[in-house]
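See structure below.
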Amino acid sequence: MLRHAHLLAASLCTAAVLGAPQAPAAEHIPAYITKAVEDPARPAEDKQRDAERKPAETIKFAGIKPGDRVLELVPSKGYFTRLFSKVVGPKGHVYAISPPRRPNAPADAPDPAAATKAIAAEPGYSNITAESRSPASFASGESQPVDVVWTSQNYHDFHNVPNLDINAFNKAVFDALKPGGLYIVLDHAAASGSGARDTSTLHRIDPEAVKTEVLAAGFDLAGDSNLLHNPQDDHTLKVVDPSIRGKTDQFILKFRKPTK
């Protein structure tokens, strides 16, 4: 009788364990991405931003891998440039494209490409080419098609460049990619239905507007991610407002150039 009681208890415990909701397994991050994020050559300033920018998960979602040729548009200080360099490795290449100095800028104004040019000159980052190009020719000039075109926190500002046709811009991105290549747009989210209304004021854009514009250039939507979603952001503040800076609600969209 006692033996049967023990067996019954064991069975009930097993059923309870099997029936209990299981915690989701941690997302697997490829070793080449983990190594890039843990690169000791990364500046402390960059590492301090990792918690908010989630680079490992973001790069995994983007699908960037060893051997890829990545065209990064408006890399600013090169936060992602360094990471891409280590992810694609010696068989890949990163083209970091910045806008030139504004024609009316002071003579001592810094070169927008200065930061990425400095990175490219550092030991271990020789697979980076840092250049200045006008926004109209950002996505042109490579000798062969690239695997990925990436822009983060910049797409909204392409709407603010004088005389830049956003449709022609996205078509140029399309043409710069090899068949099956990816176009990644990461940006600050604006209120649903606002379109491009807030691009020059709040420096945000409605992700649905981005989808409409990019799909019109011939791309397919390959995925979207809420990795950087922040429900506490009500989309009414400028992205540089101290109360929200670094914590804005952001979207990541992945578009693919059809293979045929």
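The values are calculated or read from the model by the stated rules, or taken from the named source; none is laboratory data. Keep in mind the model is a prediction, meaning the values are calculated, not measured. All Cβ positions, glycine included, derive from the backbone under ideal geometry; neighbour counts span all protein chains shown. Only protein heavy atoms, including side chains, enter the accessible area calculation; ligands, DNA and RNA are left aside. Shrake-Rupley method; radii C 1.70, N 1.55, O 1.52, S 1.80 Å.
For the reader, a short list of remarks on this structure follows.
- Of all the residues in segment 160-193, those that are in contact (Cβ under 8 Å) with a residue 60 or more places away in the chain and open to solvent by 30 Å² or more (accessible area, probe 1.4 Å) number 3.
- Within segment 61-100, the set of residues being of a type in the set (F, W, Y), open to solvent by 20 Å² or more (accessible area, probe 1.4 Å) and under 11 Å from T116 (Cβ atoms) comprises Y95 only.
- Segment 194-234, subset open to solvent by 70 Å² or more (accessible area, probe 1.4 Å), of a type outside the set (S, T, Y) and in a loop (DSSP other than H, G, I, E, B), residue farthest from F169 (Cα to Cα): Q232
- For segment 244-260, the candidate set comprises residues that are touching a helix residue (DSSP H, G or I) at 6+ places or on another chain (Cβ under 7 Å), of a type outside the set (V, I, T) and surrounded by 13 or more Cβ atoms within 10 Å (Cβ to Cβ); within that set, the residue that is nearest to K171 (Cα to Cα) is K257.
- Taken as a whole, segment 135-153 holds no residue that is within 19 Å of the chain's Cα centre (by Cα), surrounded by 23 or more Cβ atoms within 10 Å (Cβ to Cβ) and farther than 17 Å from Y95 by Cα.
- Scan segment 230-260 for residues that are farther than 24 Å from G218 by Cα, in contact (Cβ under 8 Å) with a residue 60 or more places away in the chain and hydroxyl-bearing (S, T, Y) and the total you get is 1.
- Taken over segment 78-125, the criterion of being among the β-branched types (V, I, T) and closer than 19 Å to D39 by Cβ is satisfied by T81, V87, V88, V94, T116, I119.
- Of the numbered criteria (1) free of Cβ contacts under 8 Å to residues at least 40 places away in the same chain; (2) more than 20 Å from T199 (Cβ to Cβ); (3) in contact with a Pro (Cβ under 9 Å, 6 or more places away or on another chain), the one G218 fails is (1).
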